[in-house]
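Participant: What follows is a single structure, and I will ask about it in a moment.
The values are calculated or read from the model by the stated rules, or taken from the named source; none is laboratory data. Predicted, not measured: the structure shown is a model, and the values here were computed from it. FYI the Cβ positions are ideal-geometry reconstructions off the backbone, even for glycines, and counts take in every protein chain you see.
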């Protein structure tokens with residue numbers, strides 16, 4: 001039990017996907033204009049990442065390993081994730097329209113979110129078992145959501161500020177992200193020396 | 001004529017439409033692996049190789065791939081080439097492969113490759129697509145090396161693993177940390193925006209002046 005808690009804590013804060021592993025930076029910069037859209041994206045990623053961690057685990061250990069074709073991991077995983085995103089989208093549209101209208105527009109973007117593929121591969125690399133894989137996928141995605149929502153809040157404030165012309169837009173956002181990353185590095189317990 | 005077009009493509013790839021600094025594509029690998037110039041070079045070359053190969057195949061197959069499933073087909077083609085590169089690197093450059101780690105298979109979801117496939121290779125013949133792949137690949141590599149150069153030189157006081165400033169240098173290790181990656185990239189993009197803004201300004205003024213000239 002404590003192992004699971006440590007795994008969750010470290011996935012959310014210590015090894016935050018955005019600020020220490022650099023996974024999922026594209027949506028992090030792209031969909032962080034408003035806290036509400038950021039939250040939508042975060043929830044969609046959490047949903048997909050939890051399910052895809054479970055499915056890719058099953059496929060790796062039940063199909064790829066027995067057939068000794070582990071080297072096809074990359075191709076298999078990306079296809080699974082793409083198909084899964086489509087399936088989730090269709091399922092939600094048919095059965096949970098309320099959730100679909102909230103997350104719908106973010107779902108297609110998730111296929112090329114490297115956090116999803118990254119989590120699937122890290123699960124295999126770290127040798128997590130099934131429960132650990134699902135927990136890891138879920139809590140990494142929670143970490144991603146936390147990061148993107150905090151960042152969206154900061155960007156919301158930044159719109160009122162007046163940076164030099166060359167810094168407008170992405171550069172100042174990156175500097176702000178750097179400052180948040182510095183705050184997050186406090187969790188690592190590392191010193192800048 | 002053809003030569004001029006090629007040079008225009010290169011200029012676009014390296015400066016005016018640089019995949020990292022202007023199009024903001026492929027940020028994950030850009031930020032993550034630029035702690036040393038060696039890593040940046042390795043990553044840049046692998047992405048360039050995958051980009052050129054996938055551009056060739058996709059533009060050759062552009063009339064065969066049905067429109068509805070084109071993205072899925074592109075992803076399969078790209079991940080095939082990425083797997084090849086991954087296995088080659090594991091066999092011939094095991095150390096580099098270890099230090100790049102997860103980010104080699106993640107080339108699959110590097111938006112640069114999919115973006116070029118969708119925006120260029122799917123609409124153009126094979127030869128221009130190869131040139132586009134080379135130009136964008138060089139642009140990406142140059143961007144990575146620039147970022148890694150700053151981070152490695154000041155962050156750990158070395159270049160390509162050799163000590164530059166000697167033992168008395170106190171490295172700014174903040175630059176090598178994740179925070180440093182974001183901040184350095186922010187400053188570089190600001191500099192690029194400044195250059196592009198000034199160029200736009202100058203072009204605008206020149207156009208204006210030549211317009212006045214014709215009036216006289």
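Participant: Answer yes or no as to whether residue B:172 is surrounded by fewer than 19 Cβ atoms within 10 Å (Cβ to Cβ), at pLDDT 85 or above and touching a helix residue (DSSP H, G or I) at 6+ places or on another chain (Cβ under 6 Å).
Facilitator: For residue B:172, the condition - surrounded by fewer than 19 Cβ atoms within 10 Å (Cβ to Cβ), at pLDDT 85 or above and touching a helix residue (DSSP H, G or I) at 6+ places or on another chain (Cβ under 6 Å) - is not met.
Participant: Restricting to segment B:150-174, give me the number of residues that are assigned to a helix (DSSP H, G or I) and more than 14 Å from chain A (Cβ to nearest Cβ).
Facilitator: Going through segment B:150-174 one residue at a time, the tally reaches 2.
Participant: For residue A:84, are the conditions met, namely being farther than 16 Å from residue A:39 by Cβ and without any contact (Cβ under 8 Å) to a residue 12 or more places away in the chain?
Facilitator: No, not satisfied.
Participant: Which of (1) part of a helix (DSSP H, G or I); (2) over 19 Å from residue B:179 (Cβ atoms); (3) more than 10 Å from chain B (Cβ to nearest Cβ); (4) at pLDDT below 85 does residue A:186 not meet, given it meets every other one?
Facilitator: With (1) part of a helix (DSSP H, G or I); (2) over 19 Å from residue B:179 (Cβ atoms); (3) more than 10 Å from chain B (Cβ to nearest Cβ); (4) at pLDDT below 85 applied to residue A:186, the lone miss is (2).
Participant: Go through segment A:96-158 and tell me which helices (runs of 4 or more DSSP H), entirely inside it, have 2 or more residues that are within 14 Å of chain B (Cβ to nearest Cβ).
Facilitator: Ranges flagged: A:107-110, A:114-125, A:130-158.
Participant: Follow-up question, since we're still on this one. Among the residues of segment B:61-69, is any more than 13 Å from chain A (Cβ to nearest Cβ), out of contact with any helix residue (DSSP H, G or I) (no Cβ under 8 Å at 6 or more places or on another chain), surrounded by fewer than 20 Cβ atoms within 10 Å (Cβ to Cβ) and not in a loop (DSSP other than H, G, I, E, B)?
Facilitator: yes
Participant: Same structure again: I need the full set of residues from segment B:104-129 which are more than 10 Å from chain A (Cβ to nearest Cβ), over 22 Å from residue B:93 (Cβ atoms) and part of a helix (DSSP H, G or I), in order please.
Facilitator: Selection gives B:116, B:117, B:118, B:119, B:120, B:121, B:126, B:127, B:128, B:129.
Participant: Does residue B:20 count as touching a residue at least 40 places away in the same chain (Cβ under 8 Å) and either more than 24 Å from residue B:179 (Cβ to Cβ) or not in a helix (DSSP H, G or I) (or both)?
Facilitator: When the stated conditions are applied, residue B:20 passes them.
Participant: Continuing with this model, one more query. Which one of these is more than 22 Å from residue B:109 (Cα to Cα) and within 14 Å of another protein chain (Cβ to nearest Cβ): A:67, A:13?
Facilitator: The conditions single out A:13.
Participant: Being within 14 Å of residue B:24 (Cβ to Cβ) and more than 8 Å from chain A (Cβ to nearest Cβ) is the filter; apply it to segment B:175-204 and report the residue that is surrounded by the fewest Cβ atoms within 10 Å (Cβ to Cβ).
Facilitator: Here the residue is B:196.
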